[in-house]
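Report on the following structure.
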Amino acid sequence: KPYDRFVREIITASGEPLMNPAVNWYREVDQVEEQVEDTAQLFLGIRIQCARCHHHPFEKWSQNDYYSLAAFYNRVGKKAIPGVAAGFRDRQIFHNEGVATAKNPRSGAALKPAGLGSAPLDITAEQDPRVQLASWMSDPKNPFFARSLVNRYWKHFFNRGIVEPEDDMRATNPPSNPELLNALAKHFVETKFDLKELIRTICKSDVYQFSSLPNGYNDGDRQNFSRFYPRRLSAEVLFDAFHQVSDT
């Protein structure tokens, strides 16, 4: 499944949990602020929490940016499934019709939905704003979506992201190799967000196949990937190894 479709199915999820498991995200993350912050951090690699109350101290994002993103989620509704005992875990997810705006609590301004750094959108009362959000995120010109994912996958294979931490991509935390990050993101978009192709590209690279033994030139390197950095086994691999060795 292409990554953009995977994300779209979560962001725009509607219906009942048994029929559409993607709505479970809205079941667990039920506050608009949590939905905004999860979306930004997970799918865009941006920690926008600070902008909920004030201008982000290390970034350009303001409260208007935060609540413009929140406007995409303000019309998400929940109601009990008919014939099922009342309880949040048995709720349907749907979008209410109406004007899609969010109020800046400090200025009182009613803000239209807008992607980070993008122009506000005019969304009709019948349209689900989340569809527009998913379209903005997966747009090939989006400067965050593809870069965030390829950086996460790079960290998965190298134990360190091109941007580190991997979910704090901001102007004051630049990538160690911006050309590499941009090239991987461009390739990811051109292959229509194919995750398996991204894995092949990374694992077939000379960088991934470098020896972990340092030499006189790269002994002190910790961020430029001039050698393969040894890393601990993941918990799952270690768990399986114990069972394999002990024949249990």
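The values are calculated or read from the model by the stated rules, or taken from the named source; none is laboratory data. Please read these numbers as outputs of a predicted model, since none were measured by experiment. Using ideal geometry, Cβ is built from the backbone for each residue, glycine included, and neighbour counts are taken over all protein chains shown. Calculation scope for accessible area: heavy atoms of the full protein, side chains included, ligands and nucleic acids excluded. Shrake-Rupley method; radii C 1.70, N 1.55, O 1.52, S 1.80 Å.
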Task: Among (1) farther than 26 Å from F6 by Cα; (2) open to solvent by less than 90 Å² (accessible area, probe 1.4 Å), the one test that I199 misses - done: (1)
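Yes/no per residue for (1) open to solvent by 50 Å² or more (accessible area, probe 1.4 Å); (2) touching a Cys at 6+ places or on another chain (Cβ under 6 Å); (3) in contact (Cβ under 8 Å) with a residue 24 or more places away in the chain:
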residue	(1), (2), (3)
V150	no, no, yes
G161	no, no, no
E166	no, no, yes
R170	yes, no, yes
P175	no, no, yes
D194	yes, no, yes
C203	no, no, yes
F225	no, no, yes
R231	yes, no, yes
Task: Qualifying residue in the stretch 45-58 (condition: free of Cβ contacts under 8 Å to residues at least 60 places away in the same chain, over 24 Å from P175 (Cα atoms) and not in a helix (DSSP H, G or I)) - done: yes
Task: Pair list, Cβ < 8 Å and 6+ apart or interchain, from the stretch 1-28 residues that are over 23 Å from S148 (Cα atoms) to residues that are modelled with pLDDT under 90 and exposed (fewer than 14 other Cβ atoms within 10 Å of the Cβ) - done: P17/R89; R27/F88; R27/R89
Task: Number of the condition not met by E59 [criteria: (1) open to solvent by 20 Å² or more (accessible area, probe 1.4 Å); (2) of a type outside the set (A, V, I, L, M, F, W, C); (3) within 17 Å of the chain's Cα centre (by Cα)] - done: (3)
TODO: State yes or no: is D128 of a type in the set (D, E, K, R) and open to solvent by 40 Å² or more (accessible area, probe 1.4 Å)?
DONE: no
- [ ] Answer yes or no: is there a residue in the stretch 63-78 that is open to solvent by 30 Å² or more (accessible area, probe 1.4 Å), in a helix (DSSP H, G or I) and in contact with a Lys or Arg (Cβ under 9 Å, 6 or more places away or on another chain).
- [x] no
Task: Odd one out for N182 among (1) outside any loop (DSSP other than H, G, I, E, B); (2) surrounded by fewer than 16 Cβ atoms within 10 Å (Cβ to Cβ) - done: (2)
Task: Count - residues of the stretch 194-248 that are under 25 Å from P174 (Cα atoms) and of a type outside the set (S, T, N, Q) - done: 20
- [ ] Report yes if some residue within the stretch 101-123 is within 29 Å of K1 (Cα to Cα), open to solvent by 20 Å² or more (accessible area, probe 1.4 Å) and more than 18 Å from the chain's Cα centre (by Cα); otherwise report no.
- [x] yes
